[in-house]
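Beneath this line is the structure, given in structure tokens, with notes to follow.
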Amino acid sequence: MKQSKEKLAESLDSAALHARAVPMISITDPIDLDQSYDIQKLSIDRRLDRGEILTGYKLGFTSKAKMEQMGVHSVIWGRLTDAMHIEQGATIQLNKFIHPRAEPEIAFRISKKIDAVLTLDNVNEYFDGVAAAIEIIDSRYENFKFSLEDVIADNCSSSAYVLGKWWAPDTAVSNLSIALNINGDPVKTGNSDAILGNPIESLIEMSKMVVKYNVPVEPGMILLAGAATSAEYIKTGDQIKATFDTLGEVSVKVQ
Ligand code: OOG
Ligand code: MG
């Protein structure tokens with residue numbers, strides 16, 4: 001590596017802060033998977049040092065639609081902070097982002113510390129709510145192009161998330177019709193089972209990463225399961241709404 005992990009983390013953090021794209025790391029500094037997760041942690045630590053609070057995690061590339069859109073074929077994970085949380089119905093400023101895209105997501109609210117790999121038999125004990133969500137992803141890399149290692153270092157393009165109403169944990173999340181509407185047009189439609197066969201599996205995936213990377217998953221944190229559809233670029237004036245069979249809808253406006 002020509003540049004240190006700290007330097008690369010600082011460059012990605014500053015790209016997000018100033019909404020200015022940077023070249024992919026892998027062009028000049030080939031990195032491996034472990035190094036990319038180290039860089040992600042170092043860049044999020046900079047946010048935590050500025051007072052942001054870790055609110056949970058997200059998975060990426062849990063559906064074929066996402067893998068095919070971005071050309072990355074492994075499940076990845078990233079960190080979420082309170083500064084990324086946008087109130088339902090709020091307006092976001094396009095100029096705070098580089099080239100943002102929206103995607104419909106399902107969120108789980110963790111109710112019990114996770115420190116071992118979960119199974120389908122015990123996963124239900126670990127969350128106490130499910131919600132419809134919108135994720136705004138915004139790669140810090142030029143042209144929204146990256147390798148697997150690049151996108152992990154860039155905290156999996158995490159930028160903002162909007163949560164709908166919390167529903168009881170036994171609310172169905174499998175086999176839901178999902179639509180992402182922009183200005184009333186259903187620009188993306190899909191089914192929640194595109195997420196790992198059943199979105200509940202995302203909690204099991206997350207528990208594997210907890211064990212492997214020793215990250216804290218505490219009650220109250222959230223998990224975004226990964227989008228079931230590909231993502232859509234957003235622009236000034238857009239009214240974005242995601243709708244889910246049993247989880248209702250969630251919306252955000254762009255100014
Ligand atoms: C990476 C993040 C992937 C998802 O839901 O699959 C992701 C990206 O597409 O830029 O958030
Ligand atoms: Mg996502």
Just to be sure I understand, how many residues within segment 206-255 are within 15 Å of ligand 1 (Cβ to nearest atom) and farther than 29 Å from Phe97 by Cα?
0
Of the residues Asp29, Asp45, which is more than 16 Å from ligand 2 (Cβ to nearest atom) and buried (at least 17 other Cβ atoms within 10 Å of the Cβ)?
Asp29
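I'm trying to understand the selection: among the residues of segment 111-162, which are assigned to a strand (DSSP E or B) and more than 15 Å from the chain's Cα centre (by Cα)? If you could, list the steps in order and put the result at the bottom.
First, the residues of segment 111-162 that are assigned to a strand (DSSP E or B): 127-137, 141, 158-162.
Passing the criteria: Phe127, Asp128, Gly129, Val130, Tyr141.
Which of the residues belonging to segment 12-44 are hydroxyl-bearing (Ser, Thr, Tyr) and without any contact (Cβ under 8 Å) to a residue 12 or more places away in the chain?
From segment 12-44, those hydroxyl-bearing (Ser, Thr, Tyr) are 14, 26, 28, 36-37, 43; that's our starting set.
Within segment 12-44, just Ser14 meets the criteria.
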Filter result (among the hydroxyl-bearing types (Ser, Thr, Tyr), surrounded by 23 or more Cβ atoms within 10 Å (Cβ to Cβ) and farther than 25 Å from Ser26 by Cα) within segment 133-174:
Tyr161
Filter result (within 15 Å of ligand 1 (Cβ to nearest atom), on the phi > 0 side of the Ramachandran plot and touching a residue at least 60 places away in the same chain (Cβ under 8 Å)) within segment 45-90
Gly56, Phe61
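Which residue out of Lys165, Lys188 is among the basic types (Lys, Arg), in contact (Cβ under 8 Å) with a residue 24 or more places away in the chain and assigned to a strand (DSSP E or B)?
On the way: Lys165 fails: assigned to a strand (DSSP E or B).
The unique qualifying residue is Lys188.
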Among all residue pairs at least 6 apart or on different chains, which show Cβ distances below 7 Å where the first residue, located in segment 92-113, is on the phi > 0 side of the Ramachandran plot and buried (at least 24 other Cβ atoms within 10 Å of the Cβ) and the second is charged (D, E, K, R) and assigned to a helix (DSSP H, G or I)?
none
Scan segment 98-157 for residues that are within 30 Å of Ala16 (Cα to Cα) and of a type in the set (Phe, Trp, Tyr) and report the count.
4
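Each value in this text was obtained by applying a stated rule to the coordinates, not by laboratory testing. A quick note: this is a predicted structure, and the numbers were derived from the prediction, not measured. We place every Cβ from the backbone using ideal geometry, glycine too, and count neighbours over all the protein chains shown.
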